[in-house]
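Here's the structure, in C-alpha cells; my notes come after.
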Amino acid sequence: MHASEDRYVAAARSRTVIEGAWWIVPSLVAILAAATLGVTGCSLLTRPGTQKTITLAQAEQRANSYAQQISQALPGRPGLVPNAGGVIPTECGDPNDNGPQGRSSAGGGFFLEPLSQDRIPEVFTSFRGYLTKRGFKVLTDQSDFLVMTNPKDGFRVGLQEGGDATVKGLGLIVSSPCVWPNGTPPSK
C-alpha cells in the first residue's frame, strides 16, 4: 500500500454515530474522490488533466448507474438509501495527479437496506466477484472495507461495514475521477 493510500484508508475508516450505529462519514466520498485523481487515463506524453474528459453530468450519471447496478447484483438486492445527498459534485481543489485546477468529481455514499446482518460476508464476496468480472481491480482489501477501481474509466467503488456488536450495516461509495465540468479543458 502506498503512503498516500494509507492516508486515504485511515481517513475513510473514521466513523460517526448515526441512529445508534457506526457508519461511514459523508467525507468518505470526498476521500475516495481524492484517491481517484491518479487514475485519469493520462498519456505519458500529456500533462495530467489537460485532455478531454466526460462531462460532470455524465460522471454523476455513471456514478449513479454503478451504484444501481451493484445494488441489484448483490444478494437480496438491497435498496440504496442516499447518505448526505447521494451522488454530488465535488471540486478537485488540490489534485494529486499534478493536473490543473477547475475540475470536479462526482461521488456519493449510500446505505444498503434492507440487509440482513448475517449476509454481510456474502455481500462482500458478491461485490468483489461482480466487479472483478467487469474488470475492476482491488485497491484496498480489509475485513470490513473493500475499495475497487475500474482502470478503464477511473471510477472507484467502496463497500464498508459499520456498526457495533448489536447493529451492523453496509455503506456503498462511488466516486469518479476528476473531470472538466463540460468535458473540455479551458483554452490556454
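Summary of values
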| read-out | value |
| --- | --- |
| Qualifying residue in segment 147-166 (condition: in a strand (DSSP E or B), among the aliphatic types (A, V, I, L, M), touching a Pro at 6+ places or on another chain (Cβ under 9 Å) and closer than 17 Å to G76 by Cβ) | no |
| Among (1) among the aliphatic types (A, V, I, L, M); (2) closer than 24 Å to F124 by Cβ; (3) surrounded by fewer than 20 Cβ atoms within 10 Å (Cβ to Cβ); (4) modelled with pLDDT under 50 - the single one A12 does not satisfy | (3) |
| Where Q101 falls short, out of the listed (1) in contact with a Pro (Cβ under 8 Å, 6 or more places away or on another chain); (2) touching a residue at least 24 places away in the same chain (Cβ under 8 Å); (3) part of a loop (DSSP other than H, G, I, E, B) | (2) |
| Which listed residue is of a type in the set (G, A, S) and closer than 16 Å to P114 by Cβ, from G86, G76 | G76 |
| Test result for L74, in contact with a Ser or Thr (Cβ under 6 Å, 6 or more places away or on another chain), within 27 Å of E122 (Cα to Cα), at pLDDT 95 or above and surrounded by 14 or more Cβ atoms within 10 Å (Cβ to Cβ) | yes |
| Odd one out for S175 among (1) surrounded by 15 or more Cβ atoms within 10 Å (Cβ to Cβ); (2) under 24 Å from Q51 (Cα atoms); (3) at pLDDT below 90; (4) not charged (D, E, K, R) | (3) |
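The values are calculated or read from the model by the stated rules, or taken from the named source; none is laboratory data. Source: prediction; values computed, not measured. As a convention, Cβ positions derive from the backbone with ideal geometry for all residues, glycine included, and neighbour counts pool all protein chains shown.
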